[in-house]
Amino acid sequence: MSNLESKSGSSQKNTTIDTLRTALGSETVPLASRFRALFSLKHLAAQGDDEQAQAAIEAIAAAFTTPSALLKHELSYCLGQTRSMKAVPFLRDRLDDKKEDPMVRHESAEALAAIGDAGSLDTMKKMRDDPNEPDVVRETCDIAVDRITWQLSEAGKKEVLKQSDFASIDPAPPMETTETQPNIQSLQWTLLDTSLPLFKRYRAMFALRDLASPPDAPTAKPAVEALATGFSDKSALFRHEIAFVFGQLSHPASIPSLHQVLSNQNEESMVRHEAAEALGSLGEEPGVENMLKQFLNDAEQVVRDSVVVALDMAEYERTGQMEYATIPEVTASA
């Protein structure tokens with residue numbers, strides 16, 4: 001490739017990132033379009049060269065000025081999924097900001113663990129042990145510390161894990177198993193055992209998730225049903241992660257429990273939001289869109305916003321579009 005061709009390609013990438021950055025950061029652009037811009041930037045940050053990755057990460061982080069807790073929480077998630085240390089300073093800022101929404105701080109801690117930022121361990125240990133921190137922040141830091149410690153340990157490096165169908169960097173790896181036929185009931189016991197560390201229970205959760213994929217696997221429906229029992233847990237963080245896993249799986253057997261969670265006005269908004277988005281991933285299933293539309297005027301802002309995004313996801317699922325990540329066809333002002 002000639003220098004001229006290289007410069008032309010770089011210029012085109014920068015123009016794309018600038019367009020996405022403008023859309024993502026604009027409060028006049030519909031929220032669903034901003035989410036699509038965000039996932040485009042995440043892809044560019046994870047797949048591009050160092051210069052492109054830096055520009056895309058900075059474009060994502062620039063949107064932390066938004067008042068939307070839902071969008072900020074998703075910004076943190078996407079920064080973690082880039083696996084890039086370039087995202088660490090932005091995530092540390094969100095985690096350290098005591099005035100930030102706890103849902104955003106939780107996602108920032110989880111993202112730092114996804115990146116494997118050992119430099120954040122001391123901070124997260126302090127937050128884990130601080131009774132004045134919100135439960136969701138303390139519990140996330142607890143899991144994050146264990147995840148980074150596991151990742152750096154010799155024992156963790158030696159574990160042989162089942163190949164997952166999912167490309168996401170999860171809060172915990174699936175539980176290692178040497179059994180030819182994994183015991184769903186045993187994993188469910190671990191999932192629900194509140195005497196165990198959250199990290200170990202999360203490992204059971206993700207092991208069950210992997211057994212629920214593909215959806216026609218003989219273990220799929222029993223694993224989904226086992227996961228659904230986790231909605232009875234006292235931890236909102238734990239319940240929210242069950243809903244997130246159901247969003248990944250998009251298994252029809254999860255619809256009744258997700259609808260029940262979304263309908264429960266006494267449930268924490270971070271759990272209901274995740275249930276709404278999980279239902280969005282099931283948008284091609286009969287009746288799901290109508291379920292979601294019932295909550296467009298919900299009392300909770302984060303739930304209303306999640307339903308808007310979920311309905312856009314449902315449209316994407318129903319129309320069979322290739323990617324839930326496109327440059328919004330709008331003229332946006334910064």
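Every number here is computed from the coordinates shown, using simple stated rules; none is lab data. Predicted, not measured: the structure shown is a model, and the values here were computed from it. All Cβ positions, even for glycine, are placed from backbone atoms using ideal geometry, and neighbour counts span all protein chains on display.
Which aspartates and glutamates have a Cα less than 12 Å from the Cα of Lys158, not counting those fewer than 8 places away in the same chain?
In chain and number order, the partners are Glu176.
Mind putting a number on the dipole of region 159-321 about its Cα centre? Charges go on the C-beta only, +1 for Lys and Arg and -1 for Asp and Glu, and I need it in Debye to the nearest 20.
Using only the charged Cβ atoms, the result is roughly 340 debye.
Is the shape of region 21-163 rounded, prolate or oblate, going by the alpha carbon gyration tensor and its root eigenvalues a ≥ b ≥ c, with a/c under 1.5 for rounded and a/b larger than b/c for prolate?
Numbers: a/c = 2.21, a/b = 1.31, b/c = 1.69.
Oblate, because a/c is 1.5 or more while a/b does not exceed b/c.
Run the simple label-point estimate for Val160 and Ser263 please: 7 Å along Cα→C-beta, distance reported in nm.
4.6 nm
Per the helix-only calculation at 222 nm, which mean residue ellipticity applies to the chain, given -39500 (n - 2.57) for every DSSP H run of n ≥ 4 and division by its residues, nearest 500 deg cm²/dmol?
-20000 deg cm²/dmol
So if I place +1 on the C-beta of Lys and Arg and -1 on the C-beta of Asp and Glu, and nothing else carries charge, what would the dipole magnitude of the chain be about its Cα centre? I want it in debye, nearest 20.
320 debye
Under 14 Å from the Cα of Lys234, which aspartates and glutamates turn up, not counting those fewer than eight places away in the same chain?
Asp135, Glu139, Asp193, Glu267, Glu268
At a 10 angstrom cut-off on C-beta neighbours, averaged per residue, how do the peptides 247-256, 90-99, 55-64 rank from highest to lowest? Mind showing how you got there, number by number?
Numbers: 247-256: 19.7, 90-99: 17.1, 55-64: 22.2.
Packing order, densest peptide first, comes out as 55-64, 247-256, 90-99.
Would you please put 31-38, 312-319, 118-125 in order of how densely packed they are, using the mean number of other Cβ atoms within 10 angstrom per residue and starting with the highest?
Sorting 31-38, 312-319, 118-125 by mean packing, highest first, produces 31-38, 312-319, 118-125.
Taking +1 at the Cβ of each Lys and Arg and -1 at the Cβ of each Asp and Glu, which of His251, Ala276, Tyr77 sits farthest along the dipole of the chain towards its positive end, judged by Cα position relative to the Cα centre?
Tyr77
Indicate the helices, whole DSSP H runs only, in the chain that combine a mean Kyte-Doolittle hydropathy of -1.0 or more with a Cα extent along their long axis of 15 angstrom or more. Let's see the in-between values first.
Numbers: long enough: 3-25 (32 Å, -0.82); 31-47 (24 Å, 0.40); 50-62 (18 Å, 0.18); 69-81 (18 Å, 0.22); 102-115 (20 Å, 0.32); 135-152 (26 Å, 0.05); 198-211 (20 Å, 0.02); 236-249 (20 Å, 0.94); 269-280 (16 Å, -0.05); 301-319 (27 Å, 0.05).
Flagged H segments are 3-25, 31-47, 50-62, 69-81, 102-115, 135-152, 198-211, 236-249, 269-280, 301-319.
Of Leu91, Ile242, Asn183, which is farthest towards the positive pole of the chain's charge dipole, taken about the Cα centre with +1 and -1 on the beta-carbons of Lys, Arg and Asp, Glu respectively?
Going by the Cα projections, it comes out as Leu91.
Pairs Lys99/Lys200; Lys42/Lys157; Lys98/Lys126: which are spaced more than 24 Å apart, C-alpha to C-alpha?
Values: Lys99/Lys200 30 Å; Lys42/Lys157 27 Å; Lys98/Lys126 13 Å.
Distance filter (> 24 Å) returns Lys99/Lys200; Lys42/Lys157.
Just the Kirkwood number for region 151-215, please: inverse of mean 1/r across all distinct Cα pairs, in Å, one decimal.
Value: 12.4 Å, from the Cα pair sum.
Quick one: putting +1 on the C-beta of Lys and Arg, -1 on the C-beta of Asp and Glu, what dipole do you get for region 74-172 around its Cα centre, in Debye to the nearest 20?
360 debye
Could you let me know the centre-to-centre spacing of region 217-268 and region 90-149, using Cα atoms, in angstrom?
24 Å
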